[in-house]
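First the structure, in the form of structure tokens, and then the observations on it.
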Amino acid sequence: MSKIFFYLFLSIFFTTSLSAIQSESKILFTNVNIFDGKTEHLLKNKKVLIIGNKIVKISNKIPIDTDTKVINAHKMILMPGLIDAHTHLMVVDDFETAIYRDDQMYIGALATEAAKRMLLRGFTTVRDAGGPVEGLKRAIDSGVVPGPRILPSNAFISQTAGHGDFNTAMSYLSPHFTGIADKAEIYGWVKIADGVPEVQKAAREVLRSGASQLKVMASGSITGAHDPLDATEYTYEELKAIVTEADHWGTYVMVHAYSDNAVKNAIKAGVRSIEHGLLVKPETLKLMKNKNIWLSTQCISYSKEAKDLGISGTPMEPKFNEAKKGAQRTYALAKKYGLKLAWGTDTFGSLELQATQSDEFNARAKYFTNYEILHQVTGLNAELLGLSGKRHPYKEGELGLIKEGAYADIILVKGNPLEDVTILANPKENITLIMKDGKIYKNMIQ
């Protein structure tokens, strides 16, 4: 009798498993040339089979089942979905307005639209570099709203008077003395922490919130209300304490840092990703190379003038000009020394400003080759995101690559970006199909 039940169980198990496999959607791309996210040359005249949300077969010959949807790509370039390693999806206005609005539901509604538009520009994954984005991430992951995969940093960690101290008042009673929390903390934008015990607690609270990595403010900023650009924020001991907490959770720390002293402080503490880093000295860049530390910098802002950004005559203008002066030198030296360079934009503000995200391709073309830029925005960025380890929310497949077993995050491009990467700066015309997690969100193929 036990054997009968055993064989009955096997029969039901395999029938159910087969039914589940057969119920998954099948899409076959034919007649494609592939940029795989890491190789400098195209794989030509291939077929790519998608089952469910994974790439399961890449070959010249793949049989076509009756239940398979076939898409003839007409020799267009099939490549991984784009990855932006430095975004702020919740910052849909200037920082102070977005953070201190009492109607945060309005900010959330704008961010939802921003996420949809970002996906339709071909960005299927982003590393969000600070802001209360966890709820939006959940809505996207559950299929309620469209948008890219998000690796959230959640609340910034900042010292008093640091880049994350967004309260514009020049003098105020600290929440630590009054017991009344700042709205920026209440709404989940920032953790203001000073001293080792406080930064330990702040790091643990942010990790508790579901952050994939920690974002820490380690130097002055261009947009900050109180901090000059050359300021060093946090001591080595404070930064080391935060890094230790991240290590305990199997993830890493990324820091906002412009000045050389701040970057050296972060390197000594064990930070893995330097955001911006435009005022560092050559020997510091060499140290980053030797310690395998990423430089996550952005070209788009510094391809413009202060007047183009609407900051002429403001306190931000001299700080912007100083950073811009160091930008070209830093990009050239980082390339010369062979640093790992992330592709990010740091675009934030209105939906119209965020729409300039793709202009980063034009800005980078002045410093890097077509292949270097394509590698940065796909396979290389995916490698950076992998530093999140077990805190990485998307571990069932690989990102940033076209390979068997990878997530089916795919775009089809009209023209060859290995010959002219700037065609990706016009996604409306040149990205003809966008697929994320095996689902098609845009299809212009006839």
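Observations on the structure shown:
- Test result for Lys442, charged (D, E, K, R), farther than 19 Å from Arg127 by Cα and in a loop (DSSP other than H, G, I, E, B): no
- Scanning segment 206-238 for residues that are touching a residue at least 24 places away in the same chain (Cβ under 8 Å) and farther than 17 Å from Ala257 by Cα yields Val206, Leu207, Ser209, Gly210, Ala211, Ser212.
- Within segment 53-97, being among the small types (Gly, Ala, Ser), assigned to a loop (DSSP other than H, G, I, E, B) and under 24 Å from the mean Cα position of the chain (by Cα) holds for one residue alone: Gly81.
- Ala109 vs. criteria assigned by TED's automatic domain parsing to the domain that holds Ser221, crowded, with 24+ Cβ neighbours inside 10 Å and assigned to a helix (DSSP H, G or I): no
- The set of residues in segment 258-294 being aliphatic (A, V, I, L, M), under 19 Å from the mean Cα position of the chain (by Cα) and not in a strand (DSSP E or B) consists of Val271, Ile293.
- Filtered residues of segment 190-225 (kept if over 28 Å from Arg149 (Cα atoms) and either in contact with a Gly (Cβ under 8 Å, 6 or more places away or on another chain) or among the aromatic types (Phe, Trp, Tyr) (or both)): Gly224
- Within segment 295-319, tally of residues that are surrounded by fewer than 17 Cβ atoms within 10 Å (Cβ to Cβ) and outside any helix (DSSP H, G or I): 7
- Picking from residues in segment 80-137 that are modelled with pLDDT of 95 or more and among the hydroxyl-bearing types (Ser, Thr, Tyr), the one that is farthest from Gly400 (Cα to Cα) is Thr112.
- Test result for Gly386, within 13 Å of Leu82 (Cβ to Cβ), modelled with pLDDT of 95 or more and not aliphatic (A, V, I, L, M): no
- Some residue of segment 245-253 being buried (at least 23 other Cβ atoms within 10 Å of the Cβ) and either part of a loop (DSSP other than H, G, I, E, B) or touching a Lys or Arg at 6+ places or on another chain (Cβ under 7 Å) (or both): yes
- Identity of the residue in segment 412-439, small (Gly, Ala, Ser) and in a loop (DSSP other than H, G, I, E, B), that ends up surrounded by the most Cβ atoms within 10 Å (Cβ to Cβ): Gly438
- The residues in segment 63-72 that are touching a Ser or Thr at 6+ places or on another chain (Cβ under 8 Å) and of a type in the set (A, V, I, L, M) can be counted, and the count is 2.
- Output for segment 152-203, where each listed residue is at pLDDT 85 or above, hydroxyl-bearing (Ser, Thr, Tyr) and either closer than 23 Å to Ala266 by Cβ or part of a helix (DSSP H, G or I) (or both): Ser153, Ser158, Thr160
- Taking the numbered list (1) at pLDDT 95 or above; (2) in contact with a Phe, Trp or Tyr (Cβ under 7 Å, 6 or more places away or on another chain) in turn, Met76 passes all entries but (2).
- Number of positions in segment 139-165 that are β-branched (Val, Ile, Thr) and crowded, with 17+ Cβ neighbours inside 10 Å: 3
- Of all residues making up segment 320-371, the number that are surrounded by fewer than 17 Cβ atoms within 10 Å (Cβ to Cβ), part of a loop (DSSP other than H, G, I, E, B) and polar (S, T, N, Q): 2
- First in segment 308-335 and over 21 Å from Asn290 (Cβ atoms), second anywhere and among the acidic types (Asp, Glu) and part of a helix (DSSP H, G or I), Cβ under 6 Å, 6 or more apart: Ile311/Glu317
- Which listed residue, of Thr124, Thr97, is of a type in the set (Val, Ile, Thr) and more than 28 Å from Leu380 (Cβ to Cβ): Thr97
- If only residues of segment 335-390 that are basic (Lys, Arg) and touching a Cys at 6+ places or on another chain (Cβ under 8 Å) are counted, the one that is nearest to Gly122 (Cα to Cα) is Arg364.
- Between Leu119, Leu136, the distinction of being under 20 Å from Arg208 (Cα atoms) and either surrounded by 15 or more Cβ atoms within 10 Å (Cβ to Cβ) or not assigned by TED's automatic domain parsing to the domain that holds Asp182 (or both) belongs to Leu136 only.
- Selection count where residues are within 15 Å of the chain's Cα centre (by Cα) and either in a loop (DSSP other than H, G, I, E, B) or of a type in the set (Lys, Arg) (or both), scope segment 133-151: 5
- Condition met for Gly386 (more than 21 Å from Pro417 (Cβ to Cβ), of a type outside the set (A, V, I, L, M, F, W, C) and not in a helix (DSSP H, G or I)): no
The values are calculated or read from the model by the stated rules, or taken from the named source; none is laboratory data. Worth saying up front: this structure is predicted, and the values here are computed from it rather than measured. A quick note on method: Cβ atoms are made from the backbone with ideal geometry, for glycine too, and the neighbour counts reach across all protein chains shown.
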